[in-house]
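Bear in mind that the values in this text are calculations on the coordinates, not laboratory data. Only a predicted model underlies this, so the values are computations on that prediction, with no experimental measurement involved. Cβ: placed from backbone, ideal geometry, glycine included. Neighbour counts: every protein chain shown.
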Amino acid sequence: MEAHPDAEAAGRLTALLHGAAERAEAVRQPDHELSEDLAYAVQRGLLDSSLAAGDTQAGVKLGFTSRAKMEQMGIDSVIAGFLLASSRVPDGGELDRGRLIHPRVEPEIAFRIGRDIGRDESPDAVVAAVDAVAPALEVIDSRYRDFRFRLGDVIADNTSAARWVVGPWQEVPPELDARAVSLSFDDDEVAAGSTAAILGDPWEALRQLRGLTADHLALRAGYVVLAGAATEAVALPASGRVRVRVAGLGEASLVVGCRP
Ligand code: OOG
Ligand code: MG
């Protein structure tokens, strides 16, 4: 029996995107707009190739949960992707910029999930299952030329996920919805905003994950969930320290290096 044409197209795009990340070289956007289902299937293919190579899934990330991000990229649907253990940079650790294409960095909030969550559990149950929160950085790096994509393209590309950093975990505070967020390169602030920019309240981002049904977005004990950027993404500097500060939650940072 011949493979379904959609499955063939998904497989080709998975291989193309996988190679793009391996070589740190951008590829052309697909000729035709992908359906969301096909796009999540391509994303799943990328996860499966990483798992087959010995990596593990460490969590889930949301995208386009703030107006600033939606306007910057021209997309207004909330999307999600997976986080790999191998793409985590330890807090304060070095990120090798030479392995990325055109990286940008975003200030985010991270949730830690305390237990496996069933498919049919309510958004409130997901919120109640969070056992810690932390300031976080996400480095995104579209595998498409010029960092340009349509909705299906960016879902297929695992929502541009490249690296992530989580600061020290904090007890879950009574509220998270109006905290100042600041992104800085060395001592210069390059973006500033509020956690309110994330769908009014970062908890809302977690609730909206319920609406996304791809199997690999199900939440497991110990997973990290990134709620999405509170500000526009900013091009990663060539070198130096990148830091996020969230009022009352502390900070997280990484140092950009470039190995020869
Ligand atoms: C897609 C990823 C968006 C966020 O935090 O909104 C994202 C992109 O902008 O390339 O991670
Ligand atoms: Mg992000």
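Please compute the net charge surrounding I117, taking Lys and Arg as +1 and Asp and Glu as -1 over other residues with Cβ under 14 Å from its Cβ.
Counting the neighbours of I117, the net charge comes to 0.
Subtract the Cα-Cα distance of E189 and R220 from 0.36 nm times their separation in residues, and report this length gain in nm to one decimal.
Going from the current span to full extension adds 7.6 nm.
Could you compute the FRET efficiency for D55 and D124, with r as their C-beta to C-beta distance and R0 at 41 Å, rounded to 0.05?
After rounding to 0.05, the efficiency reads 0.80.
Going by how many other beta carbons lie within 10 Å of each one, how would you line up S184, S35, fewest first?
Final ranking by Cβ density, sparse to dense: S35, S184.
Between the stretch 198-213 and the stretch 128-147, what's the alpha-carbon centroid distance in Å?
So the separation of the two Cα centres works out to 14 Å.
Quickly work out the A235-to-D146 label distance, labels modelled 7 Å from Cα along the C-beta direction, and quote it in nm with one decimal.
Simple spin-label model gives 1.5 nm for this pair.
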